[in-house]
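The values are calculated or read from the model by the stated rules, or taken from the named source; none is laboratory data. In this text, all values refer to a predicted model and were calculated from it rather than measured experimentally. Please note: Cβ atoms are built from the backbone with ideal geometry, for glycine as well, and neighbour counts cover all protein chains shown.
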Amino acid sequence: MSDITKQSLNSLIKNIKEKKLSSYEITKSFVERSEKSKKLNAYITEDFSNALVKAKKFDDSPNFDLKLPGIPIAVKDLFCTNGIKTTAASKILNNFIPTYESTVTQNIWDEGGILLGKLNCDEFAMGSSNETSYFGNVQNPIDENLVPGGSSGGSAAAVSGQLTPVTIGTDTGGSIRQPASFTGTVGLKPTYGSCSRYGIVAFASSLDQAGPMAQNVEDCALLQEVISTYDPKDSTSIDFKRNQYRKELSKNIKGKKIGIPKEYRVDGMPKEIEELWQKGIQHIKNCGAEIVDISLPHTSYALPTYYIVAPAEASSNLARYDGVKYGFRSEGYNLIDMYEKTRSEGFGSEVQRRIMIGTYVLSSGYYDAYYLKAQKVRRLIKSDFDEAYKLVDAILTPSTPSSAFKIGEKKDDPISMYLNDIFTVPVNLAGLPAISIPAGHDAKGYPLGLQIIGKAFAEQEILDIAYAMEEKIEFKNKINDWWM
Ligand code: GLN
């Protein structure tokens, strides 16, 4: 089969189980395609020869009862992988080799998945364009001049460019959904506490959440089923009854009430996004669901709140990188000098900006005015959703306020970069699940995504709505392999 890398995860699994393809053949195809795709810069660390050895081993004694039998998968370089370099795309972790495995990646290997390599991302997952990586920016497989989104830009590029059948990313303020939207792929940010954070390099601990990225909703559901487990090693992991997301997937959404929040109609939003949203509303109606106008009154405060809470937590989480315990160290004439040099040489400018903002809002005298206030507003944002969910089952919004922008276009303008997250951050602040699905193209042919936000723990419900919509939308990703 010449088109192995074009196949969905579920079709690869079917072919493996029916012995039409071996794990080795599949792995080799993804390795070869990844090797030809260096120009995308999607990988930070490749583990191709090990992957081929593991695939052979799987074929020698296959276990077809596993959920990911012999399937090669590349993961974002924010997940600790035992014995394999994990950098968080930062110079400061350039030589860090973990001695333990993140729970989420362990779940994938336990179900038969095989590590292909570690994917590029924004440094410490801070960014919306994958341009803050110490290892250089990633190109969007749709067009070489475009960013793939961020921070899971390498993950999104790897799925849409068919370098991996599926992948996992992390989403603190939109880092799964925004790059999914920019690359014409599906990305799910699960409920906070659904996927373990153990072994994920921390950015903002009360917001970070791992999730699946895939070519379609069914693949996304299957990967969510694998990675979402209760984990006593993460004190914020929640022990709730998880669905068999793929098995229980249903297109029947008749009678469901879907909310349209008026506050997401922001000033300056391109006409194309409004049209996409209207089309989505029509698809929902065609599926037999009901549209309800709702209000989320504190939406406009979500972005400023996020950019206080996230940097505050980041400044605290990143204090551990001091040249003593982890990674890179710069020599100094005394301890303080060593700290200063290590941190100013080891962190890139966006990370330094976040640390400074975070330290400022937490400092005495400003704590009440900024951090405490932000926490109060966060509660109000959460209450908005609680009120809305008295009326509706889920909420439909655009995923991003624009299609993918040009590399370099927003790099020196942090505010305009931060504005990218306007539709995604409220979900993280409220701890809710949300999925982005490809829903159309703009005039230039670049993909656009729609976001479905669910109630806490209602991953199955939003996957079902996405599944029903996906059929009606019939989105085709315009990949033309320009980089090969
Ligand atoms: N773009 C947002 C930020 O820069 C979100 C990042 C993320 O979700 N990891 O903080």
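Quick notes
- Inside region 377-402, residues that are under 15 Å from residue 147 (Cα atoms) and at pLDDT 95 or above make up a count of 1.
- Test for residue 77: is it among the charged types (D, E, K, R) and more than 16 Å from the chain's Cα centre (by Cα): no
- Every pair of residues 6+ apart whose Cβ atoms lie under 7 Å, when the first sits in region 153-179 and is at positive phi while the second is more than 15 Å from the ligand (Cβ to nearest atom): 162/5; 162/6; 162/33
- Output for region 419-457, where each listed residue is touching a Leu at 6+ places or on another chain (Cβ under 8 Å), of a type in the set (A, V, I, L, M, F, W, C) and within 14 Å of the ligand (Cβ to nearest atom): 419, 422, 425, 429, 434
- The residue that is surrounded by the fewest Cβ atoms within 10 Å (Cβ to Cβ), among those in region 107-155 that are within 28 Å of residue 70 (Cβ to Cβ) and within 12 Å of the ligand (Cβ to nearest atom), is 121.
- Of all the numbered requirements in (1) of a type in the set (Ser, Thr, Tyr); (2) crowded, with 18+ Cβ neighbours inside 10 Å; (3) closer than 30 Å to residue 289 by Cα; (4) away from the ligand (no atom under 16 Å from the Cβ), residue 402 misses one, and that requirement is (4).
- Out of 333, 301, sole residue that is away from the ligand (no atom under 15 Å from the Cβ) and within 30 Å of residue 386 (Cα to Cα): 301
- Flag if residue 197 is over 12 Å from the mean Cα position of the chain (by Cα) and modelled with pLDDT of 95 or more: yes
- Residues within region 1-22 that are surrounded by 17 or more Cβ atoms within 10 Å (Cβ to Cβ), in contact with a Lys or Arg (Cβ under 8 Å, 6 or more places away or on another chain) and of a type outside the set (Val, Ile, Thr), tallied: 1
- Failed item, numbered, when residue 104 is tested on (1) among the aliphatic types (A, V, I, L, M); (2) surrounded by fewer than 24 Cβ atoms within 10 Å (Cβ to Cβ); (3) within 16 Å of the ligand (Cβ to nearest atom): (2)
- Single condition residue 53 does not satisfy, out of (1) in a helix (DSSP H, G or I); (2) touching a residue at least 12 places away in the same chain (Cβ under 8 Å); (3) more than 30 Å from residue 345 (Cα to Cα); (4) of a type in the set (A, V, I, L, M, F, W, C): (2)
- The lone criterion from (1) surrounded by 24 or more Cβ atoms within 10 Å (Cβ to Cβ); (2) among the acidic types (Asp, Glu); (3) modelled with pLDDT under 95 left unmet by residue 412 is number (1).
- Odd one out for residue 59, checked against (1) part of a loop (DSSP other than H, G, I, E, B); (2) touching a helix residue (DSSP H, G or I) at 6+ places or on another chain (Cβ under 7 Å); (3) not hydrophobic (A, V, I, L, M, F, W, C): (1)
- Within the set 415, 452, 465, the sole residue that is of a type in the set (A, V, I, L, M, F, W, C) and touching a helix residue (DSSP H, G or I) at 6+ places or on another chain (Cβ under 7 Å) turns out to be 452.
- Test set (1) among the hydrophobic types (A, V, I, L, M, F, W, C); (2) under 26 Å from residue 149 (Cβ atoms); (3) buried (at least 21 other Cβ atoms within 10 Å of the Cβ) - residue 84 fails condition number: (3)
- Between 242, 197, the distinction of being more than 26 Å from residue 445 (Cα to Cα), within 15 Å of the ligand (Cβ to nearest atom), surrounded by fewer than 24 Cβ atoms within 10 Å (Cβ to Cβ) and not acidic (Asp, Glu) belongs to 197 only.
- Boolean, residue 309 is more than 16 Å from the ligand (Cβ to nearest atom) and either aliphatic (A, V, I, L, M) or at positive phi (or both): no
- Scan region 425-457 for residues that are touching a Phe, Trp or Tyr at 6+ places or on another chain (Cβ under 9 Å) and not in a strand (DSSP E or B) and the total you get is 13.
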